[in-house]
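Heads up: the structure comes next, in structure tokens.
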Amino acid sequence: MKRVLITGGAGFIGSNFTKYILSRQPDYLVTVLDALTYCGNLNNFTQDMWENPHFTFWHGDIRDKEAVDNLMRQADVVVHLAAETHVDRSIDNSDPFISTDVKGAQVLLEALRRHSVERFIHISTSEVYGTATEVPMTENHPLNPRSPYAAAKAGADRLAYSYFVTYDLPIVIIRPFNAYGPNQYPEKMIPLFITNAIEDKPLPVYGDGTFTRDWTYVEDLCQALDRAVQVDIERLKGEVINLGTGVDTDINTIAKIILERLEKPQSLVSFVEDRPGHVQKHICATSKSKVLLDWSPATELPNGLHRTIDWYLEHPEWWKRLKKEGDEHVPV
């Protein structure tokens, strides 16, 4: 029986991974630590999860040294997902990004030094690379972050690596490319496009909409993270591993698929001024994840988008409340 601590487990990827691992690894004890900032949502947990005796939720902050120390002491595996993640918000105010993404990671890494944890899986992001200077983007691609968010994540990414080198800690660094799927907060591009289209509102597209991303369905990503928990740590320790599909798709195509699926007019697309430091192209090199994790994504983009659209159609009470309470930001 493994004891798994998931930081940021009430967020988008975190809640999907929590659900995934509870269903695939029923003997695991899973604890979620989440500060429940605006994108952390207890409604991301189903009633079955709340009733599962192997699931525990802890309301707390990764910058709280005492709380982190207590939880780390009881963990065999740590999957560190907690972070501020929205590029536009980081451009407006970088303070919470530096504090949570960098300082929070440091608090966790210091606790890791004090406790015998089997592995620490640090979830970074493809945003640390900036715009692709080589295609596909391997794990050796230069780090050229183009926003305060990306820079904060790059700092945490390299901080985690330094703790592996300096202290020989069992740290694995995962860099997912753009994830999408159920429970994603509706300020992000795909859920914003879906929910705006449902409500017959404009789909705001930066610039001319030709910049591209490597889109990874969240269930595939969760499968990869589960593999990172299972594979012999001696194979993974100190490694950086990209997670993506190896296919990039432009924003205009995403908007078109969503509008066609919802039978909405293409005239809902609204081109807006590009944001500062916008990344133009991301495409993932997939060979390392195949070799080290024996993982390849199973969901092609059209199918993943249709499944995601269906989820938002079936859960209007989830996203309408969030959109009413929060700001509707231009997408990333």
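Just so it is clear, none of the values below were taken in a lab; they were calculated from the coordinates. As the structure is a computational prediction, the values presented were derived from the model and not from experiment. Virtual Cβ from ideal backbone geometry, glycine too; neighbours counted across all protein chains shown.
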Taking other Cβ within 10 Å of each residue's Cβ, how do 210, 7 sort, fewest first? 210, 7
Cα long-axis angle, helix 316-325 against the chain (0 to 90 degrees, to the nearest 10): 90
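Can you tell me, using C-alpha contacts under 8 Å and at least 6 residues apart, the relative contact order of the chain as a whole percent?
Working: 666 pairs, mean separation 60.8, N = 332.
After rounding, I find 18 percent.
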Where Lys and Arg each count +1 and Asp and Glu each count -1, what net charge lies around residue 307 among other residues with Cβ under 14 Å from its Cβ? -4
Applied in sequence order to segment 2-14, the curve 6.51 cos²θ - 1.76 cosθ + 1.60 (Karplus, θ = phi - 60°) yields integer Hz couplings, x standing for Gly and Pro, of 9, 9, 10, 9, 10, 7, x, x, 9, x, 5, 5, x
Filter the cross-link list 19/153; 19/288; 103/188; 290/323; 281/324; 103/256 down to pairs whose alpha-carbon distance in this structure exceeds 29 Å. 290/323; 281/324; 103/256
Dipole in debye (nearest 20) - the chain, about Cα centre, beta carbon charges: Lys, Arg +1; Asp, Glu -1: 440
Gap separating the Cα centres of segment 215-288 and segment 1-57, nearest whole Å: 22
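Taking neighbour Cβ counts within 10 Å as the exposure measure, how do 314, 110 sort from fewest upward?
On the way: 314 10, 110 15.
In order of increasing Cβ crowding within 10 Å: 314, 110.
Residue 52 to residue 106: FRET efficiency via 1/(1 + (r/R0)^6), r the Cβ-Cβ distance, R0 25 Å, to the nearest 0.05?
Details: r = 32 Å, r/R0 = 1.27.
It comes out at approximately 0.20.
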Most exposed first by the Cβ proxy, i.e. fewest other Cβ within 10 Å, how do 219, 263, 199 rank? 263, 199, 219
Any chance you could get the radius of gyration and Dmax over the Cα atoms of segment 1-64, in Å? 10.8, 33
If amide H atoms are modeled at 1.01 Å from N in the peptide plane, then the residues at a separation of 5 or more from residue 171, or on another chain, having amide H under 5 Å from its own are 120, 238
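Please sort by residue number the GluC sites (Glu not before Pro) in segment 1-100 whose DSSP state is loop and whose Cβ has at most 14 other Cβ atoms within 10 Å. Provide the component values of the computation, followed by the final result.
Working: sites: 51, 66, 84; in loops: 51, 84.
Passing both the DSSP loop test and the Cβ count: 51.
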Using only the alpha-carbon atoms, how far is helix 104-114 inclined from the longest principal axis of the chain? Give it as 0 to 90 degrees, nearest 10. 20
Calculate how steeply helix 301-314 sits against the longest principal axis of the alpha-carbon atoms of the chain, using the helix alpha-carbon long axis, and give the answer as 0 to 90 degrees to the nearest 10. 90
For segment 181-191, 3J(HN,Hα) per residue [Karplus equation, 6.51 cos²θ - 1.76 cosθ + 1.60, θ = phi - 60°, Hz, x = Gly/Pro]: x, x, 6, 7, 4, x, 8, 6, 4, 5, x
Over the chain, the sum of -39500 (n - 2.57) across DSSP H runs of at least four, divided by residue number and rounded to 500 deg cm²/dmol, gives at 222 nm -11500 deg cm²/dmol
If you average 1/r over every pair of different alpha-carbon atoms in the chain and take one over that average, what Kirkwood value in Å do you get? 20.0
List the residues whose amide H sits under 5 Å from the amide H of residue 216, counting only those 5 or more places along or on another chain, with H placed 1.01 Å from N in the peptide plane. 178, 179, 180
Report the paramagnetic label zone for residue 166: residues of segment 1-17 whose backbone N is under 12 Å from a point 7 Å from Cα along the Cα-to-Cβ axis. none
Using the Karplus curve 6.51 cos²θ - 1.76 cosθ + 1.60 with θ = phi - 60°, work out ³J(HN,Hα) for each residue of segment 263-279 in order, rounded to whole Hz, and write x for Gly and Pro. 6, 10, x, 5, 5, 6, 5, 10, 7, 10, 4, 5, 8, x, x, 5, 6
Looking at 216, 147, 202, which one has the Cα that reaches farthest to the positive end of the dipole of segment 136-223 (charges on Cβ: Lys, Arg +1; Asp, Glu -1)? 147
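Where the convex hull is taken over the Cα atoms of segment 150-303, what is its projected area averaged over directions, in nm²? Intermediate results must be reported in sequence, preceding the final value.
Details: hull surface 39.4 nm².
Mean projected area for segment 150-303: 9.8 nm², to one decimal.
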